[in-house]
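Chemist: Supplied in structure tokens, the structure appears directly below.
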Amino acid sequence: MRLYKLCNLKWLRKNGFCLTYTTFCSQSKVVYITTPIFYVNAAPHIGHLYTALLADATARFNRLQGKSVILSTGTDEHGLKIQASAVNHKKSPGLYCAEISSQFQALFDRAGISYNHFIRTTDETHIKAVQTFWEQLESKGYIYKGKYEGWYSVSDEEFLGADEVCDQKLENGEIQKVSITSGQPVVWTAEENYMFRLTSFRSQLLEWIASGVIYPDEKKKQVEISLNNLQDLSVSRSSSRLTWGIPVPRDSSQTIYVWLDALINYLTVAGYPERLQHWPPDIQIIGQDIIKFHAIFWPAFLMAAGLDLPKRIICHAHWTVDGYKMSKSRGNVVDPMDRMNKLTESGFRYFLLKSGSVFNNCNYNDEVAKEVINAEVVNTYLNLLSRSSSKSINKRGMFPSFDEEAFQTFFTQEERTMFNRLPHLPETCITHYQGLLCHKVSEAVFEYIRWSNKLFNDHEPWHLCIDPTNDRHVNCLLHVTMETLRVCSILLQPLIPDIAGQVLDRLGVCEGDRLIEHCEVKRQSHREKDHPLKLHKKHIMSRIQ
């Protein structure tokens, strides 16, 4: 049985494979994770970066489990909005797209997004994939020539029904139709173009959604409401109005609708049309504003083409700034490059992942970000490393081996119990990572780091180390502290890979011993002898001013 056939829900239920499917896939294929491709009508902001960071943390978490991962991201470069933006900037669409796309790639590179593919919809390989996909839908009878008449949001590149628009009063007193969801103006459009038989897939879409593929579950209701008023979808525009896009095969008078173009990027990355590899996507991470396209249009296109559907669509909430939605008119768009200059790449990355949420909109504030980074990363995490590796206390510069007798003698029952629970921390973090609850991972890990700092204060090793008879006590304290740091650093790698990696470097943990399976805390000495630290003169990260 070929793997892709197992992804058909009806086939699964008929043949009783539902309970074994997840295990089978995890053992048999590469984990394929995607971000949406980002629209290049403007420079990237923190919302774009957060999506990419969430996907990157998920990819790194899977790699920590020893899995092979493909992470794809990129830019969406066609459509009426891009065409208009290029004109406004007095540049050709090609040059304009190349400049903005390079900004996204530079941002993701600087932020440490470990992508395998950065796709652009202007790539020749993608154009070929889109036109081949179109021909496949057409040959199966799912595309027909018809007349579209209705509301269209140029800003959102979205067709809207009468129940999805409302009247908005402008400052000059005029009434304008806008999208209820985005607030963007809409225009009435009536023209002959190509239609996709979206209504043919309503029952299959409802079945797919009911399977629990959308996370969080609350977003499922939003999609089900949209399915109540499903209509066939216009999938082309007249090339007299839209020149910047992929031409319809054998009909140059029409340009392929930007969302049909954009969604195919996931197939392009997987090798379509030559040979699909690692299909279907395991995890597709998107923002809540594009769930309709990914949970209705996208699976319907795949169903029509006879291809397997994504296993999980994860829809995260948005970022606001000082309580308001980011907008150019309000002047509160946060430039992530600028914030990384002020807060460092690792610091900014940590704040967004620790403070963001899949469930609720999150607020960005510079002072709060600075306080969180200083309090947790610098003053707590790196402070613990500094204290335990200090030459005044750790005079030999060693990661001491475990001493059970000293542990029982010098530590309280409460302290021993807390350290003995450290082996359960990876399991807790795995559960949180699987739910994309990065803030929960942070809470669980930093509970141990704070405890270890308190342990240091309570035992006062700066006094103990004066008398050589206390060496066993000090060494045991150093072991407990460093072992806590080692386990916590392994688990923090998806959140702050650079800093966690440098901490593990200093602890002398080799590259091959940094997977989740290496978090095991053994009750007997897990080293034959004390392990030397690899100390550096340069600080990993200083307090942000």
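Chemist: Of all residues in segment 351-378, how many are out of contact with any helix residue (DSSP H, G or I) (no Cβ under 9 Å at 6 or more places or on another chain), under 23 Å from Val445 (Cα atoms) and assigned to a helix (DSSP H, G or I)?
Modeler: So the count comes out to 2.
Chemist: Going by what's in this entry, would Asp289 be described as within 16 Å of Asp76 (Cα to Cα), open to solvent by 10 Å² or more (accessible area, probe 1.4 Å) and assigned to a helix (DSSP H, G or I)?
Modeler: Here the answer is yes, as Asp289 does meet what is asked.
Chemist: Moving on. Being small (Gly, Ala, Ser) and assigned to a loop (DSSP other than H, G, I, E, B) is the filter; apply it to segment 305-350 and report the residue that is farthest from Asp366 (Cα to Cα).
Modeler: It comes out as Gly306.
Chemist: Looking at Ser236, Ser252, which one is open to solvent by 20 Å² or more (accessible area, probe 1.4 Å) and not aromatic (Phe, Trp, Tyr)?
Modeler: Ser252
Chemist: Take Glu367 and decide whether it is without any contact (Cβ under 8 Å) to a residue 60 or more places away in the chain, open to solvent by 60 Å² or more (accessible area, probe 1.4 Å) and acidic (Asp, Glu).
Modeler: Yes: the conditions hold for Glu367.
Chemist: Could you tell me which numbered condition Ile119 fails, if it satisfies all but one of (1) under 30 Å from Asp335 (Cα atoms); (2) under 27 Å from the mean Cα position of the chain (by Cα); (3) open to solvent by 20 Å² or more (accessible area, probe 1.4 Å); (4) not hydroxyl-bearing (Ser, Thr, Tyr)?
Modeler: Condition not satisfied by Ile119: (3).
Chemist: Among the numbered conditions (1) crowded, with 17+ Cβ neighbours inside 10 Å; (2) over 40 Å from the mean Cα position of the chain (by Cα); (3) not hydroxyl-bearing (Ser, Thr, Tyr), tell me where Asp467 comes up short.
Modeler: Answer for Asp467: the failing condition is (1).
Chemist: I'd like the full set of residues that are closer than 16 Å to Ile119 by Cβ, open to solvent by less than 10 Å² (accessible area, probe 1.4 Å) and within 15 Å of the chain's Cα centre (by Cα), limited to segment 39-55.
Modeler: Selection gives Thr51, Ala52, Ala55.
Chemist: Go over the candidates Gly79, Gly150 one by one and state the one that is under 26 Å from Asp251 (Cβ atoms), out of contact with any strand residue (DSSP E or B) (no Cβ under 7 Å at 6 or more places or on another chain), open to solvent by less than 40 Å² (accessible area, probe 1.4 Å) and not charged (D, E, K, R).
Modeler: Exactly one residue qualifies, and that residue is Gly79.
Chemist: Looking only at segment 301-347, how many residues end up being under 18 Å from the mean Cα position of the chain (by Cα) and either open to solvent by 60 Å² or more (accessible area, probe 1.4 Å) or without any contact (Cβ under 8 Å) to a residue 24 or more places away in the chain (or both)?
Modeler: 2
Chemist: Name every residue in segment 379-403 that is in contact with a Cys (Cβ under 9 Å, 6 or more places away or on another chain), outside any loop (DSSP other than H, G, I, E, B) and either open to solvent by 20 Å² or more (accessible area, probe 1.4 Å) or among the polar types (S, T, N, Q) (or both), in order of residue number.
Modeler: Once the filter is applied, which keeps residues that are in contact with a Cys (Cβ under 9 Å, 6 or more places away or on another chain), outside any loop (DSSP other than H, G, I, E, B) and either open to solvent by 20 Å² or more (accessible area, probe 1.4 Å) or among the polar types (S, T, N, Q) (or both), segment 379-403 yields nothing.
Chemist: Shifting gears a bit: Tell me, which helices (runs of 4 or more DSSP H) wholly within segment 438-545 include 3 or more residues that are basic (Lys, Arg)?
Modeler: Result: 438-459.
The values are calculated or read from the model by the stated rules, or taken from the named source; none is laboratory data. None of the values given here were measured: they were computed from a predicted structure. Neighbour counts are summed over all protein chains in view; Cβ atoms, including those assigned to glycine, are modelled from backbone coordinates with ideal geometry. Note: areas computed on protein heavy atoms with side chains; ligands, DNA, RNA excluded. Shrake-Rupley method; radii C 1.70, N 1.55, O 1.52, S 1.80 Å.
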